[in-house]
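Okay, structure first, notes after.
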Amino acid sequence: QAEGQERKVRRLQEPCFPFASVSESGRPVILRSILGAATDPVQVRYREPLLRWGLQLSPRSLDTAHRSAFEVLDAALRQASLPTRLLLAANDFLLFDNRRLLHGRTALGLDSERHLKRLKIHEPVIDGLRRATEITANRRT
């Protein structure tokens, strides 16, 4: 059974899953993997509505083995015990790597005071911040 699960994981790493996309190329579907390659850091690309829409738009559908791997992953992610809900207080913030964490949020009501801000931090920026922090720390000692 473990070997069967490993095969499903490998299938999820293959760039054959048709995600619906509005891209500059005008292609309505882009073939991508759901999981990053075994040699890469863990990366997850999973927007279930875009994948299901892509399956409808794609001229060639997934074969049975790839569709089965997708359905097993989807069922696992829908387990009631899996989601964690967080309630942030005023001035709290949550920072996570968008490529390594599946996430969602509850709907915003019309009278909601919630403020969501997306911030993209690229590695060169992080490296620059790290160097600046090290320089500052060295000056203090």
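What the table shows:
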quantity: Projected label distance in nm at S61 and L94, using a 7 Å step from Cα toward the beta-carbon; calculated: 3.5
quantity: Net charge over other residues, Cβ less than 12 angstrom from the Cβ of S68 (K, R count +1; D, E count -1); calculated: +1
quantity: Efficiency of FRET between H115 and E71 - r from beta-carbon atoms, R0 30 angstrom, step 0.05; calculated: 0.25
quantity: Additional length obtainable on full extension of the chain from L108 to R7, 0.36 nm per residue less Cα span; calculated: 32.4 nm
quantity: Per-pair calculated FRET efficiency, R0 = 30 Å: I30 and L82 via Cβ, rounded to 0.05; calculated: 0.65
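Quick note: the coordinates plus some simple rules give every number you see, no bench work behind them. No experiment lies behind these values; they were computed from the predicted model shown. Every residue, glycine among them, receives a Cβ derived from its backbone with ideal geometry; neighbour counts consider all protein chains shown.
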